[in-house]
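Read the figures in this text as sums done on the coordinates, not as results from a lab. All values derive from a computational prediction rather than experimental measurement. Glycine gets a Cβ as well: all are built from the backbone with ideal geometry, and neighbour counts include every protein chain shown.
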Amino acid sequence: MTKEQQDVMRHSASHVMAAAVKQLMAEENVKVKFAIGPTIEDGFYYDFDLGERTLSEADFPKIEKKMKEIIKQNLKFSREELPIAEALKKVADQPYKIELIEDLEKQGEKIVSFYKLGDPSTGSGQVFEDLCRGPHVASTKEIGSFKLMKVAGAYWRGSEKNKMLQRIYATAFEAEKELEEYIKRMEEAEKRDHRKIGKEMDLFSFHQEAPGFAFWHPKGMVLRENLMKPYNILHKSEGYHLISTPILLAEELWHQSGHWDHYKDNMYFTKIDEKIYAIKPMNCPGSILIYNTHPHSYREFPIKFGETGEVHRHEPSGTLHGLFRVRAFRQDDSHIFALESQVEEEIKKVIILTLDFYKIFNFSDVDIEVSTRPENSIGSDEIWEKSEAIMKKTLSDLNLKFKINEGDGAFYGPKIDFHIKDCIGRSWQCGTVQLDFSMPERFDLKYVDKDGAFKRPVMLHRTVLGSIQRFVGILIEHYAGAFPVWLAPVQAKILPVSDKFIDYAKEVQGRLVAEDIRVELDDSAESLGKKIRNGEKEKTPYLLVIGEKEVAAKQVAVRKRQEGDLGAQNLDQFVEMIKKEIKEKI
């Protein structure tokens, strides 16, 4: 089954789920107001307004049973098209459908479609009808194995200004085995939830005083800093120059760049001296202003500016999700200004750098997409055709497989997106490189060519991590908090058996600190067993036990995460072993 076929089946299953909820609520005399029921990455959902009736997972067995009854009847899906006026009459008691139809009318639509489940002419009876563009499977017999996953609150249209609806998340697969494998992955994902692990490891926190903004604790900052060390080494070797631009920029700059038309609803604003400023949602206009501070010669190119700048976006509260969806994050933006003749080579370098960085974390299974011109784009047809051809050719020259993602490019140019897969098979879109002929024109960027004439450079926008916050969240779940030694916030923890061994424990601590090893000393009054359990819970790579024998022999008893007791070692031996792991990023 293709992805498209799977989406059609899942969307059909969402109609069946809505039909089941409708029938069950009718038995309780509860009026159901239906919202939307789209497919999502791993399944589908449907949003309901049930008044005072609250759904819970205790309702799932009844809903699933009713869904199976409907599916067993082998009911047909049939399409009906109606003029706007008739459609509004049909949904007169469904306010959310009315709003959707009125929006379609504003967009110029004169006809809308409905899908009926069940056919009275065959005696099966109609069980559900919904405003929907489709498509659907021919009949319910084509819906495979399904499962309801969770219930959650969701604001209508994602806005906290609207009513909170009840959303049932579910999934469906062609075969029962696929469903079972998916459920196992979800159970494993729950164990790896970065929000839970981040709290246990004291990495970060969130607070109601600043919803959607992460508070980084000392160990979380250590993790971030060590993540960026290999990143910075790679970028320095490729000739990137670090810059920093202000977080506030004048409103007119965002009009000039084109971001205003595409991002203004997600931007924050403030007023200074009666002038409106925007808190930047991305970093590129700042790089352009730096470029324009002095004239440039063709000899300087390519010019590579790198900025891990803090950006802010007004995300609806219902969409916030730990580090994965926040309102402020650091984006590892780099902007490359190049001669047109250099563009292909620079894109190749970006691709190679990006893939090399992912390999450090064993992200070797990377899916690549070329996203093409969206509807609300800027720039000429000729520029878009040339840009898309360059992207495809560059990947082909590197013998890299890629898929086409129609209509999902940036508004100023096509892009190559990188999707990494974590250890339980989930896909995450992180890096991107975007080819931009339009913004240099909007800002009148120039350089002096070898013939003395003014020419316009080409601009590449690119990230490797994307959001640093999100990438840290991915790493937490990828490793389940058990980071490799080089990345771990605490690399070794010293556990004296009792207070009388603390002096030697401090001596060991001082030696490790001098060797630039991140170490903690647990000098609490807890038993050794409790100290070991705490160290294991914190996922510390090495636990160093110090008792009478270790003091006498000037050694440490080494316990390694997931391997257990390695026995006693002298300090030089341990230092050599752990530094080798750190250097080789084992």
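Do any trypsin sites (Lys or Arg not before Pro) in region 265-368 lie in a loop, going by DSSP, with at most 15 other beta-carbon atoms within 10 Å of their beta carbon, and if so which?
Here no loop site has a sparse enough neighbourhood.
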- prompt: When the helices in the chain are scored as -39500 (n - 2.57) per DSSP H run of 4 or longer and the sum is shared across all residues, what 222 nm value do you end up with, to the nearest 500 deg cm²/dmol?
  reply: -11500 deg cm²/dmol
- prompt: Which aspartates and glutamates does Lys280 reach when only Cα atoms under 17 Å apart count, and residues fewer than 8 places away in its own chain are ignored?
  reply: Glu251, Glu252, Asp261, Asp265, Glu307, Glu310, Glu315, Asp332, Asp333
- prompt: Given +1 on the Cβ of Lys and Arg, -1 on the Cβ of Asp and Glu, and no further charges, what dipole in debye does region 184-275 carry about its Cα centre, rounded to the nearest 20?
  reply: 540 debye
query: In percent, what relative contact order does region 492-584 have, based on Cα pairs under 8 Å that are 6 or more apart in sequence?
result: 28 percent
Relative contact order for the chain, counting Cα pairs under 8 Å that sit 6 or more residues apart, in percent: 10 percent
- prompt: Most exposed first by the Cβ proxy, i.e. fewest other Cβ within 10 Å, how do Lys184, Lys560 rank?
  reply: Lys184, Lys560
- line: Pro211 neighbourhood, Cβ < 15 Å, K/R = +1, D/E = -1, net charge +1
message: I'd like to know which of His235, Ala250, Asn376 lies farthest towards the positive end of the charge dipole of the chain, counting +1 on Cβ of Lys and Arg and -1 on Cβ of Asp and Glu.
response: His235
query: Here are some pairs, Lys393/Lys455; Lys500/Lys585; Lys415/Lys585; Lys219/Lys583; Lys196/Lys349; which of them have Cα atoms lying more than 28 Å apart in this structure?
result: Lys500/Lys585; Lys415/Lys585; Lys196/Lys349
- prompt: Hey, fewest Cβ within 10 Å first, where do Val575, Val433, Val16, Val464 land in order?
  reply: Val575, Val464, Val433, Val16
statement: Excluding residues fewer than 8 positions from Lys72 in its own chain, the aspartates and glutamates with Cα under 13 Å of it are Glu64, Glu142
task: First check a/c for region 198-479, with a ≥ b ≥ c the square roots of the eigenvalues of its C-alpha gyration tensor; if it is under 1.5, answer rounded, and if not, answer prolate when a/b is larger than b/c or oblate otherwise.
output: oblate
Cα-based reach from Lys537 at 18 Å (exclusive), listing aspartates and glutamates while leaving out same-chain residues under 8 positions away: Glu188, Glu190, Asp193, Glu200, Asp202, Glu477, Glu520, Asp522, Asp523, Glu526, Glu563, Asp565
field: Spatial separation of Cα centroids for region 540-586 and region 71-98, in angstrom
entry: 69 Å
statement: Lys and Arg at +1, Asp and Glu at -1: neighbours of Lys455 with Cβ under 15 Å from its Cβ sum to -2
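Could you sort the peptides 5-12, 57-64 by per-residue average Cβ neighbour count (10 Å cutoff), highest mean leading?
Order by mean packing, descending: 5-12, 57-64.
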query: Which residues' amide hydrogens lie under 5 Å from the amide hydrogen of Ile404, considering only partners 5 or more residues apart or on another chain, with H built in the peptide plane?
result: Val370
- prompt: Quick one: which of 193-199, 547-553 comes out on top by average Cβ neighbours within 10 Å, and what's the full order, highest first?
  reply: 193-199, 547-553
